[in-house]
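Single-structure report; data block below.
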Amino acid sequence: MKIQHFMALVVLSLPTVPGARAAVRGFKARTLVPALLTLACLLAAAPATAQVNYAVSANTAYVTSSPGASGAIVINSAYNGYPVTSIGDYAFSDCTNLTSVMIPNSVISIGQQAFGNCTALTSVTIPDSVTRIGTSLNSAGNAGAFVNCTSLTNVIIGNNVTNIGGAAFFGCTNLPRVTIPNSVTNIGAWAFGQCRSLTNCTFLGNAPRLVFDMEGGGGHFVGVGAGAKVYYYCGTTGWGATYGGLPTVMLCAPFVTTLAADQLTNTSARLRGQVNPRGSGSPTAAWFEWGTATNYGNVIGMQDVGQDSSVSNLNVVLDGLVGGPTYHYRLVATNAFGMVYGADQTFGLSFIPIPISQPGSYGSSAAWGDYDNDGRLDLVIAGCCIGTGGSQLWRNTGSGFSNVTDSGAPGLPRVWCLTNNWSYSCGPFRGNLRIAQGTNHKITPFNFETLQEFIKVPRLGAIMTTTAGWTSCSWARVFPNCGGTRAVGSAT
C-alpha cells in the first residue's frame, strides 16, 4: 500500500475514532501529515481488545467465542464491573491469525480448546492465578486447551496450576521443552502427545498423577522428540526409572567427601577427596579450600569432574608448608543445581619424624626452645662421651633441622647421666638452657644471649654427695625487674 492510500484510509477512518477530528482540526497543513503518521502508528501498535468477546455468569465474567481475534490481543481483567475469571471453551478456537495473548491475573481456568488450532500462536504465559488448563483430564475429542498450536515454541505455566488437562498441548509440534511447577498434581491423558520437538520435560516437584481415560488410554508423552527425557530434582518423590514412558534423570547438586590428608612431609601434604556429579547432566567443577582456620582463604586444584554418575578422586599436593600450625581444608564442588561443601579436615606437620644423628652419645636428654628467636622451636640434645659424641644444637629451619652447634652454641658442654631444660626470662624469646649432670656434681647453665656458660656454682660440691649418680636437677633464676615482679630460685 502506498503512503498516500494509507493516509487516505486513516483520514476516512477518523470519524470512527472519538475525538480524532477535533484533535486534527487545530493543526496547520504542514503538521498534519506527521501527526496522522503518529496517530496511525499508535492505532496499529495498540493490542486488540475489541476483538475479545465477554459474557457474564452470576457474579463473574468470562471470555466467550471470539472468532475474529487476530494478531496480539489483550484479555481484560474486568468486564462491566465483573472480574474476568475464565477463558471459555472454544473462545479463540481456529483463530489462525492470533499471534500472542496477554492473560490477566484474574483468570482462574482455561477451557477446552480455548486456543485450539491457533496455528500462529508462538508464546503464552499462563499466570499464577490459573489453577486448571482445560476442563477435563481425559482426551475426548482432542479437546485440549492449546491443541494443535503448531507454532507454539514457549509456554510458561503458572505456579498454582494443579491440573494440566487431557490433550492440553497435544500436537504442539514445535514446542521443545516445558517446565512443570511443583503445584501440578494431575496430568491428563495425551497432554503432550505428538509434541514432536519436545525433548525436555522438567518437573519442579513430586511426580504428578498420570490420568488415563477409558477411551484413549494414556499416551501422555507419545510421539515426542527423539531422546526426550523427564528431569526431576533431588528430594522429590514418586519417580522411577521412567515416567509416562520416558527415561528419568535426577537433577542434583554434586555429592562430595573430604578425605584425610596423606603423604605428609615436613613441608607438604596431599589433600584428598571424592566428587560424584550424580548424573546431573550439568558440568561439575571441584576444588579444595585450605588455610590455618575454618575461613580457609586459599584455593587449589580446581578441575572439571564431568556430569555423569561416576566418582572422581581428587588428589592435590599442597607444598610450602611449615611445622607448627594446624591446617584446615575441605573439598568444594558446584554445578547448575547448587554448590556443596565437604566436611572440614585438619592436619599438622609439627610431629613428623625427622631423623637427627647423634653419634656416640650416652645418657642423653633433649630440650626444645627458640635459641635464635625466629618463632620456631629448636632442639638441644645433651650427651657424652663415646668417640666424638656429645651435646648438639639443632636449628629448626622451617623445612627441617640443621646442626648448628659450632656456630650457634660453641662450648656446649659434653655431659652424661643428665637432665636438661630450656626456660625463658623476660625480654628476648631466646631463653636460657640448663644442663644438669649427676656424677661429676656439675650444673652447667648455658646462656644463648651471650653464647657462653654462666659462672659455675662454686659451692655446689659441698652440698652434694660424691657418690651421687643418675641424678636430676632443677634451676631457677632471680629476675629483679621482670614486669614488676621478683622471682627467687635455687638449684638442687
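The values are calculated or read from the model by the stated rules, or taken from the named source; none is laboratory data. The model shown is predicted, which means the values in this text are computed figures rather than measured ones. Heads up, the Cβs are rebuilt from the backbone with ideal geometry, glycines too, and the neighbour counts pull from every protein chain shown. The accessibility values were calculated without ligands, DNA or RNA, using every heavy atom of the protein model including side chains. Shrake-Rupley method; radii C 1.70, N 1.55, O 1.52, S 1.80 Å.
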Just need the relative contact order of region 197-330 here, percent rounded to a whole number, with Cα pairs under 8 Å and 6+ apart. 20 percent
From largest accessible area down, sort LEU318, LEU259; use a 1.4 Å probe on the protein chains. LEU259, LEU318
Highest first, please rank the peptides 121-129, 146-154 by the mean number of other Cβ atoms sitting within 10 Å of their residues. 146-154, 121-129
Calculate what fraction, in whole %, of the accessible area of region 126-275 sits on carbon and sulfur atoms when a 1.4 Å probe is rolled over the protein chains. 50 percent
Length released on extending from ASN182 to ARG209, taking residue separation times 0.36 nm less the Cα-Cα span: 8.5 nm
Rg and Dmax of region 155-216, Cα atoms only, in Å: 11.2, 30
Output needed for region 141-271: three equivalent-ellipsoid semi-axes, defined as square roots of 5 times the C-alpha gyration tensor eigenvalues, in descending order, whole Å. 41, 15, 13
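Return one whole number: the accessible area per residue of region 118-161 in Å², for a 1.4 Å probe. Write out the running numbers ahead of the final one.
Working: 1560 Å² over 44 residues.
I get 35 Å² per residue for region 118-161.
Starting from the exponent 0.38 and prefactor 2.2 Å, build the expected Rg for region 208-273 from its residue count and divide its actual Cα Rg by it.
Normalised by 2.2 N^0.38 Å, the Cα Rg of region 208-273 equals 2.06.
Computed FRET efficiency, Cβ-Cβ of SER100 and ASN160, R0 25 Å: what is it to the nearest 0.05? Intermediate values should be presented prior to the final figure.
Working: r = 22 Å, r/R0 = 0.89.
Working from the Cβ atoms, E equals 0.65.
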Between the modelled labels at PHE255 and TYR341 (7 Å from Cα along Cα→Cβ) the distance in nm is 2.1 nm
Suppose R0 equals 41 Å; then what is the FRET efficiency for VAL311 and ASN53 from their Cβ-Cβ distance, rounded to the nearest 0.05? 0.10
Pairwise FRET efficiency - THR150 versus ASN200, Cβ, R0 = 25 Å, nearest 0.05: 0.85
Mind putting together the pair-distance distribution for region 272-330? All Cα pairs, 10 Å bins, whole percent per bin, short to long. 22, 44, 24, 9, 1
Checked region 210-326 with the C-alpha gyration tensor, a ≥ b ≥ c its square-rooted eigenvalues, rounded below a/c of 1.5, otherwise prolate if a/b is larger than b/c and oblate if not; verdict prolate
Note to self: with every protein chain in place and a 1.4 Å probe, region 249-331 gives an accessible area per residue in Å² of 45 Å²
Using the per-residue mean of other Cβ atoms lying within 10 Å as a proxy for protection, in what order, highest first, do the peptides 322-328, 200-206 fall? 200-206, 322-328
Stretch gain in nm, segment VAL299-ASN80, where the contour uses 0.36 nm per residue and the Cα spacing is subtracted: 72.3 nm
